[in-house]
1. Among the trypsin sites (Lys or Arg not before Pro) in the range 263-322, which ones are in a DSSP loop with at most 16 other Cβ atoms within 10 Å of the Cβ? Mind listing them?
2. Take each of the peptides 142-151, 45-54, 433-442, average the number of other beta-carbon atoms within 10 Å over its residues, and list them starting from the highest.
3. Quick one: if the Förster radius is 45 Å, what FRET efficiency do Asp311 and Asn182 give, using the C-beta to C-beta distance and rounding to 0.05?
4. How much FRET efficiency would the formula 1/(1 + (r/R0)^6) give for Asn234 and Lys117, where r is the Cβ-Cβ distance and R0 is 60 Å, rounded to 0.05?
5. So how much slack lies between Asn455 and Tyr124, counting 0.36 nm per residue of separation and subtracting their Cα-Cα distance, in nm?
6. Tell me the carbon and sulfur percent of the accessible area for the chain, rounded to whole percent, probe radius 1.4 Å.
7. Given R₀ = 60 Å, FRET efficiency for Asp79-Val437 by Cβ-Cβ distance, to 0.05?
8. Work out the length of the dipole vector of the chain about its Cα centre, built from +1 on the beta-carbon of each Lys and Arg and -1 on the beta-carbon of each Asp and Glu, and round it to the nearest 20 debye.
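The values are calculated or read from the model by the stated rules, or taken from the named source; none is laboratory data. If you're wondering where the values come from, they're calculated on a predicted model, not measured in any experiment. Positions of Cβ are backbone-derived with ideal geometry, glycine not excepted, and every protein chain shown enters the neighbour counts. Side chains included, ligands, DNA and RNA excluded: accessible areas come from the protein's heavy atoms. Shrake-Rupley method; radii C 1.70, N 1.55, O 1.52, S 1.80 Å.
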Amino acid sequence: MKEKTVIHWFKQDLRLHDNPSLYSSCETGRIIPIYIFDTYNPKQYQIGGASSWWLHHSLISLQKSLSGNLCLFLGNPKDILLYLIDKYNVCSVHWNRCYASWKIERDSDIEKFLTSKGVEVKTYNASLLWEPWETLKQDGTPYKVFTPFYKRGCLLNGVSPRKPIPAPVKIDFFFKDNEYNNIEKLNLLPNLAWHKKLSKHWNIGEKNAISKLADFIESSLQNYKEGRNYPGENFASRLSPHIHFGEISPNFIWNKINSIESDENTQHFFSELGWREFSYYLLYHFPFLPKKNLQKNFDKFPWEKNEKYLDCWQKGITGYPIVDAGMRQLWEEGYMHNRVRMIVGSFLVKNLLLHWQHGQKWFWDCLVDADLANNSAGWQWIAGCGADAAPYFRIFNPVTQGHKFDAQGKYTRKYVPELNNLPDKYLFSPWEAPNNVLKEAGVVLGENYPYPIVNLQESRNLALEAYDKIKLKNNINNGYSTVL
């Protein structure tokens with residue numbers, strides 16, 4: 001009997017370990033492992049500059065792991081798959097599922113088309129702990145609040161996350177000489193030179209992802225619950241881009257940490273994985289999440305249009321040091337500490353009254369871990385218009401947040417070095433420092449560091465007035481909206 005030829009289509013699963021589709025493909029026959037950079041379907045969801053840089057290097061790493069046998073393509077996946085199937089007599093195509101609505105539509109269309117051609121299609125879950133359609137309330141509707149979703153839907157009533165599967169022991173590649181292995185033709189590296197500095201901050205690929213998890217467990221997990229709030233300390237896992245591109249799976253992470261004696265730190269880390277699940281869950285059940293407010297009363301919110309404010313926020317020159325530190329970290333590293341993401345997000349939508357989609361768009365282009373589900377759900381959360389959202393009247397004060405979570409200024413001074421010599425007392429409000437203190441610190445407001453672009457109290461009052469205009473009777477309950 002002639003051996004089967006199988007395509008494994010890599011998507012957001014750029015790894016060999018715990019890859020159900022790859023493993024099944026190898027068990028089935030000779031494989032053609034492919035990656036397709038889709039230029040036809042994403043439209044406005046094409047990945048941004050920082051993510052493109054990461055993808056380029058992640059594919060290089062995967063290519064090495066596959067001994068040069070990864071086939072790389074650019075264009076419409078449907079056309080490319082049909083070309084390969086016809087040319088090489090492929091009988092089966094396997095892939096791991098994606099959950100954005102445009103990917104679901106694309107893949108469903110491809111599956112129907114290939115099946116009609118007599119080609120077997122098999123799909124698997126490789127990127128979520130729980131399938132979004134399996135976690136529902138008793139009435140069959142989706143959860144809209146995180147805590148019951150996670151504790152009741154996932155932990156209590158859901159199936160335990162599966163055990164990770166090993167990397168294939170043997171891979172029988174179809175090609176002896178791979179003519180499709182040129183990554184440069186994907187043209188992933190951005191034209192802007194800024195991305196070159198990102199390499200100083202990241203080690204990309206499957207092996208580095210596994211190593212980073214081990215380092216996190218060894219050195220940071222024991223202080224994670226409290227330590228993760230302090231941006232100047234090394235308690236965040238920084239695994240998010242590795243998870244997004246599938247260099248490591250949430251199942252692998254869950255099982256590694258589950259093997260450790262449980263305490264408040266491990267449970268809190270699990271809940272953070274749960275928040276990622278919830279974001280994907282919301283995107284699946286509410287596919288308009290990236291474009292529209294989950295809470296419809298926010299459709300009438302009187303957002304401002306101020307290009308100057310937006311430009312100052314993007315460049316990290318707002319006059320609020322911890323906000324500026326966060327935005328400069330983003331530009332320098334393609335990453336921002338989660339506590340600071342909340343601070344800069346609150347400042348954009350509640351102090352500057354700029355639409356959350358401006359922040360979503362900027363993060364999409366600048367973050368190496370830019371993820372449609374996480375980015376959309378996160379921005380709606382901070383804006384107060386999403387599921388389980390931070391109430392709109394909860395406005396982060398960047399001065400008090402700085403003193404509370406960066407008291408010695410370790411984080412802020414790293415990214416706003418012009419304030420290095422300013423005493424801690426005035427670091428987060430330099431406009432309050434006496435002239436002699438500013439002079440001694442070498443700070444000239446309006447010259448080498450800006451005055452605040454808005455007044456905190458006045459902008460807070462304007463935000464609350466704007467919120468009052470759209471607030472619906474009885475729509476606030478226990479800190480989150482029940483409009484959904």
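1. Working: sites: Arg276, Lys291, Lys292, Lys296, Lys300, Lys305, Lys308, Lys315; in loops: Lys291, Lys292, Lys305.
Those satisfying the criteria are Lys291, Lys292, Lys305.
2. Working: 142-151: 18.7, 45-54: 21.3, 433-442: 13.5.
Top of the packing list down: 45-54, 142-151, 433-442.
3. Working: r = 39 Å, r/R0 = 0.86.
That gives a FRET efficiency of 0.70.
4. On the way: r = 52 Å, r/R0 = 0.87.
E between Asn234 and Lys117, to the nearest 0.05, is 0.70.
5. Values: separation 331, 0.36 × 331 = 119.16 nm, distance 5.16 nm.
That works out to 114.0 nm of additional length.
6. Values: 10700 of 21610 Å².
Carbon plus sulfur share of accessible area: 50 percent.
7. On the way: r = 66 Å, r/R0 = 1.09.
The pair Asp79/Val437 has a calculated efficiency of 0.35.
8. On the way: 57 positive and 50 negative charges, 112 e Å.
It comes to approximately 540 debye.
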